[in-house]
């Protein structure tokens, strides 16, 4: 079997997982520390999804690191299918959360009223940007693994 | 080569494409006829994406209908790859547009002010719901075709 780049157990996969963990943690921190996020449904959704994505990515990063260090590849189709489905679901949810947050921020900036102090708005925007980055990496992992499952 | 359900040239694929065309047209009509959508970035984005999705799905529905009637399967990997990439991009964009619209509607309903007359809000919500349905069908088409490309 030839090596699929980015599939589980490769260095590329480890980098993708570390990137996901990093960006989703950054998104969670920007949104939750010192900002009143709980007044808006979209922001609560973003915090929930990032809270799910961090342990998922961190666990798979550890699995990848173990595979690389022991040179023992985990290539059971059933396990890979679960990873692909989990990645796909989390990618869809994180895209949804990022888009919802960014559109709410855009609206808050443009309507009149005391809805968006500049300090808060900048942090909401940064958080949504980090969520987009973590979505992109999760979707990439998911597609690479799906390709591997289909070609097994 | 065995038949992949939902891949190009099958009856399931034709149904998916017709569903996409139907739901995206419904979403476009609910959003654009008699409603002031152009004041909100998210709604303009939804209209743009639905305007792209309708011709794409309608064209592929015609290709499927032709394949079924002549029993001549179009299975060139290069063509299938273009279809998969187009589907993936449109699925991502329509999910983004649907989530952005639904979060803006949710915010408009909850903040004070003359932002959301009941007649308009109901139509925005219906339009976003139709966009979600067309996203779901586009994503399904995309995954079925990706599976076929990977197993060719």
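Quick note: the coordinates plus some simple rules give every number you see, no bench work behind them. In this text, all values refer to a predicted model and were calculated from it rather than measured experimentally. Every residue, glycine as well, gets a Cβ built from its backbone with ideal geometry; the counts of neighbours run over all protein chains shown.
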Where does helix B:11-32 land angle-wise versus the long Cα axis of chain B, in degrees 0 to 90, nearest 10? 20
Relative contact order (percent) for segment B:1-131, with alpha-carbon contacts under 8 angstrom and 6 or more residues of separation? 36
Can you work out D for chain B in µm² s⁻¹ from Stokes-Einstein, where Rh is the Kirkwood radius over C-alpha pairs, the temperature is 25 °C and the viscosity is 0.890 mPa s? 152
Distance histogram for segment A:71-152 (every C-alpha pair counted, 10 angstrom bins, percent rounded to whole numbers): 18, 34, 22, 15, 9, 3
Calculate how steeply helix A:41-70 sits against the longest principal axis of the alpha-carbon atoms of chain A, using the helix alpha-carbon long axis, and give the answer as 0 to 90 degrees to the nearest 10. 20
Using Cβ counts within 10 Å as a stand-in for footprinting exposure, how do B:135, A:56 rank, fewest first? A:56, B:135
What value, in deg cm²/dmol to 500, does the helix sum -39500 (n - 2.57) over DSSP H runs of n ≥ 4 give at 222 nm once divided by the residues of the protein assembly as shown? -28500 deg cm²/dmol
Rg/Rg_ref, the protein assembly as shown, where Rg_ref = 2.2 N^0.38 Å and atoms are Cα: 1.08
Ranked by GNM mean-square fluctuation in chain B (Cα springs under 10 Å), the top entry among B:67, B:78, B:15 is B:78
Would you calculate the separation in nanometres between label points at residue A:75 and residue A:119, each defined as 7 Å from the Cα along the Cα-to-beta-carbon direction? 5.5
Measure out, as a whole number of angstrom, how far apart the alpha-carbon centroids of segment B:80-152 and segment A:24-59 sit. 22
Which residue, A:34, A:86, A:122, has the most motion in a Gaussian network model of chain A that connects Cα atoms within less than 10 Å? A:34
Between residue A:85 and residue A:36, with labels modelled 7 Å along Cα→Cβ, what's the label distance in nm to one decimal, could you check? 4.2
Compute the acute angle (0 to 90°) between the alpha-carbon long axis of helix B:118-151 and the principal axis of greatest extent of the alpha-carbon atoms of chain B; round to the nearest 10°. 20
Put a label point 7 Å from Cα along the Cβ direction on residue B:78, then list its distances to the equivalent points in the other copies in nm, shortest first. 4.2
Identify which of B:116, B:44, B:99 has the largest mean-square fluctuation in a Gaussian network model of chain B, with springs joining Cα atoms closer than 10 Å. B:116
7 Å from Cα along Cα→Cβ at both residue B:48 and residue A:150: what's the point-to-point distance in nm? 2.9
